[in-house]
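Each value in this text was obtained by applying a stated rule to the coordinates, not by laboratory testing. Keep in mind that what you see is a predicted model, and the values were worked out from it rather than measured. As a convention, Cβ positions derive from the backbone with ideal geometry for all residues, glycine included, and neighbour counts pool all protein chains shown.
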Amino acid sequence: MTTESTLATGLGTVGQGTVVSLIVRKKGVLRGPTGNQKVYGDDLVHVLLWSGFHYKALAERSYKKLLEIQSSGHLYTDLVKAARSKGAEEATIEDACAAVQEVADSLRLASLAPDRDIPLLTSNDGPSGVWKPLVVDGEVVVGAKVYDGPEGLRQDGPLAPTPGAIYLDAVKLGEVVLNPAPNGPWEVKSSPKTVVKDLVKAMLPSGLFVRYCLNESNLLAVKTGKAASLSAKRGGVQVNAEAVRSLFKIAS
């Protein structure tokens, strides 16, 4: 019988992806009045990821999935009910329709865009020769790049990344919180339409997308392949089996 951990490990053999386990401190956000600001949302987590994928395929799969859900005939009423249960008591069918349309338009445009991998950095990301692959235990992590350039201003103005910083684009297979943020999450009062949009995105493969900037201050451990799956299993990471199965369909 195929298990979730078997599925997760198997992703590494489909296409050119890499299964990655991270123990990482989330960046969090600095909020509060001037002089008394605090960091919120900086949980310490153990997360299992699949890095290295074609975002165009992810968008295409998500767009098709959204059309399938729409054809059920009760998507909008379900979204309004779910939004109201999350505190957006003023949510309406109009909010649901607008939210679904905006998500659909975004996914459709992404699916029609030139074929490229999300992990690949564009020419605007800095001068050539400043990025190198991330190698863990002899394995190149697909979808990750390490900044190997100078510290300071780039030629086009913005600050360059810190030397040694790791940039990783991936889809999240599962996560467990090891140490909750001391100040808890930052609570934001979102509009009804925004709440609905978040609900829609969470229903789709594209909602699994995450981006990390990793460095010595927030990355405690990293493993890849079978070692990553074993580490996640031992760490109590609950893998979303349905998410893994949906990712098999977009692997390329």
In what sequence do 42, 78 fall when counting other Cβ within 10 Å, fewest first?
78, 42
Hits among aspartates and glutamates - C-alpha to C-alpha of residue 132 under 14 Å, sequence gap 8 or more where chains match
148
Once R0 is set to 22 Å, what does the formula 1/(1 + (r/R0)^6) return for the Cβ-Cβ distance between residue 44 and residue 106, expressed as a FRET efficiency to the nearest 0.05?
0.10
Which of 53, 209 has the fewest Cβ neighbours within 10 Å, and the rest in rising order:
209, 53
Return the sequence-ordered ³J(HN,Hα) values of segment 190-198 in whole Hz as given by the Karplus equation 6.51 cos²θ - 1.76 cosθ + 1.60 applied to θ = phi - 60°, using x for Gly and Pro.
8, 5, x, 5, 5, 4, 5, 4, 4
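Report the extension gain between residue 198 and residue 137 in nm, rounded to one decimal, defined as 0.36 nm multiplied by the number of residues separating them, less their alpha carbon distance. Mind dumping the intermediate values first?
Details: separation 61, 0.36 × 61 = 21.96 nm, distance 3.68 nm.
The span from residue 198 to residue 137 would gain 18.3 nm if fully extended.
Starting with the fewest neighbours, write out 111, 229, 206 ranked by other beta-carbon atoms found within 10 Å of each beta-carbon.
On the way: 111 17, 229 27, 206 23.
Lowest count first: 111, 206, 229.
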With a point put 7 Å past each Cα toward its Cβ, work out how far residue 178 is from residue 70 in nm, to one decimal.
4.3 nm
From the phi angles alone, apply the Karplus equation (6.51, -1.76, 1.60; θ = phi - 60°) to segment 61-67 and give each ³J(HN,Hα) in whole Hz, x where the residue is Gly or Pro.
5, 5, 5, 4, 4, 5, 5
Which of the lysines could a cross-linker span from residue 172 if the Cα-Cα distance has to be under 16 Å and same-chain partners fewer than 8 positions apart are dropped?
26, 201, 223, 233, 249
Between residue 98 and residue 78, what is 0.36 nm times their sequence separation minus the Cα-Cα distance? Round to one decimal in nm.
5.7 nm
